[in-house]
Every structure is written in structure tokens, then in C-alpha cells.
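Q: Sharing a structure here in C-alpha cells format.
A short reminder: the numbers here are calculations on the coordinates, not readings from a lab. From a predicted model like this one, the values you see are computed outputs, not experimental measurements. Counting neighbours? That spans all protein chains shown, and the Cβs are built from the backbone with ideal geometry, glycine included.
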Amino acid sequence: MLISRSTGRKIVATGIAAVGFAFLYEVTTLDSRYAARLAERREAAATPAAGTRLRFTATAYCKGTTTASGVNVRTGIAAADPDLLPVGSVIQVDKLGERYNGIYTVMDTGPKVQGRHIDIYMWSCHDALALGRRAMHVTVLRLGWNPRASSPGLVERLFWQRETQQPAVPASPLPLPARPLAEPAAIPIPK
């Protein structure tokens with residue numbers, strides 16, 4: 001009612017509505033595709049650390065006798081870029097297929113294994129060719145040979161949680177007195 005009587009008020013209300021709609025049009029909505037792109041960028045830029053889950057590509061190899069670490073090749077060994085996953089790292093592979101999912105130890109490197117690429121050793125060359133190149137997820141369980149670089153397991157987390165919740169035991173004010181040692185009786189030695 002107040003707007004209908006004045007032409008100036010109509011122009012101001014129309015201008016405010018137009019600016020409001022323009023701002024509303026320019027707003028970025030957070031939809032699932034936008035969130036997925038942000039997560040993908042974060043994952044691509046993340047450096048491997050114990051407990052992180054990263055996206056890699058996987059291939060397989062079947063030739064060779066000795067790895068870069070000096071160990072003979074066998075099932076459960078993978079090759080990776082030493083700048084990302086140093087030799088001795090332990091990884092868990094997911095989304096590669098039930099037959100190939102599992103825990104692998106990085107014991108090898110290679111000139112063609114650069115960046116986010118894992119090369120898994122397989123005994124059968126037919127299986128290696130059948131695997132091809134696939135996208136997968138890697139969870140870093142240990143980074144390098146250092147056991148302190150491992151991600152804590154459930155038991156360790158529960159143990160340390162319980163330890164931090166227990167009250168500290170007060171130290172005794174004075175140590176207990178030591179008893180004097182009794183000298184053993186002399187045993188006569190026959191001559």
C-alpha cells in the first residue's frame with residue numbers, strides 16, 4: 001500500500017529487488033559435486049603420512065629377481081616413488097579388486113614409478129597384464145622403516161586413553177629402610 005502511491009518508492013523497491021536477485025544469483029552453493037572437487041584437490045595435494053588415505057594409480061610387474069632394497073621379489077611387495085613412500089613403508093590397498101586388496105610393503109623403486117603410482121609385484125605375468133592400470137586408494141600404515149612412524153592401532157589408542165584417564169600415583173614420602181644383611185655362618189673346610 002505504501003509503495004503503490006509513490007513512483008519513487010516503486011523504483012527504489014524494484015532496484016533493491018534487482019540487486020538482491022543479482023547477489024542471490026552469484027552465490028556459490030555447496031553441492032555434492034563442489035564438495036567432491038574440494039576433497040579431490042585436498043587429497044591430491046596431501047603428503048603421505050601415517051594414517052592418511054590417498055588416491056593412487058596401480059599397475060603390476062612380474063619380472064625381476066631383486067628389489068631396490070636387496071630383497072628377492074615375492075608376493076606382497078610393491079614399488080613406489082621414494083620421495084612419497086620411502087622403502088620400508090607399509091601400505092593397505094583398497095578398491096583394486098578383492099583379489100589384490102591387502103597390505104603391501106614398499107621394497108622397490110623404479111624409473112617409471114613416479115608420483116602417485118604404485119607397482120605391485122605378481123608372480124604371474126598373465127595376472128599382471130590383466131590388472132592393467134587402475135585407480136585405487138592407499139592407506140599409509142607406516143612411512144619408511146621407522147616403527148614410530150606407524151599409525152596407532154585400536155589397542156594402542158585405547159591403552160593410551162586409559163593411561164591418561166587414570167590418576168597419578170603419589171610417590172611415597174620416604175623410602176623403606178633396608179634390612180642389614182645377615183652374614184653367613186662360617187663353614188669349616190676339612191683339611
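Q: Taking other Cβ within 10 Å of each residue's Cβ, how do PHE56, PHE159 sort, fewest first? Don't skip to the end; give the middle numbers.
A: Details: PHE56 22, PHE159 12.
Ordered from fewest to most neighbouring Cβ atoms within 10 Å, PHE56, PHE159 come out as PHE159, PHE56.
Q: Using a basic spin-label model with each label point 7 Å from the Cα along Cα→Cβ, how many nm lie between TYR34 and ALA18?
A: Between TYR34 and ALA18, the label points sit 2.6 nm apart.
Q: Residue by residue, what Karplus-based ³J(HN,Hα) values in Hz, rounded to whole numbers, does the stretch 127-144 have, using 6.51, -1.76 and 1.60 with θ = phi - 60° and x for Gly and Pro?
A: Going residue by residue, I get 5, 5, 5, 5, 5, x, 10, 9, 7, 8, 10, 10, 9, 7, 8, 8, 9, x Hz, with x marking Gly and Pro.
Q: Over what distance in Å are the Cα centres of the stretch 101-141 and the stretch 31-59 separated?
A: If we compute the Cα centre of each part, the gap is 18 Å.
Q: Taking H as built 1.01 Å from N, whose amide H comes closer than 5 Å to the amide H of SER89, not counting residues under 5 places away?
A: Hits under the 5 Å cutoff: VAL106, GLY144.
Q: Oh, and also: Please rank MET122, MET107, fewest neighbouring Cβ atoms within 10 Å first, as an exposure proxy.
A: Numbers: MET122 18, MET107 23.
Lowest to highest Cβ neighbour count: MET122, MET107.
Q: When the Karplus curve 6.51 cos²θ - 1.76 cosθ + 1.60 is applied with θ = phi - 60°, which whole-Hz ³J(HN,Hα) does each residue of the stretch 6-19 get, with x for Gly and Pro?
A: Going residue by residue, I get 10, 5, x, 5, 5, 5, 5, 5, 5, x, 5, 5, 5, 5 Hz, with x marking Gly and Pro.
Q: What is the set of long-range amide H partners of GLY102 at a cut-off below 5 Å, with H atoms built 1.01 Å from backbone N?
A: Amide H to amide H, under 5 Å and 5 or more residues apart or across chains, GLY102 pairs with VAL93.
Q: For the stretch 37-52, take each phi angle, set θ = phi - 60°, evaluate the Karplus expression 6.51 cos²θ - 1.76 cosθ + 1.60, and give the result in whole Hz per residue in order, putting x for glycine and proline.
A: 5, 5, 5, 5, 5, 4, 5, 5, 8, 6, 8, x, 9, 4, x, 7
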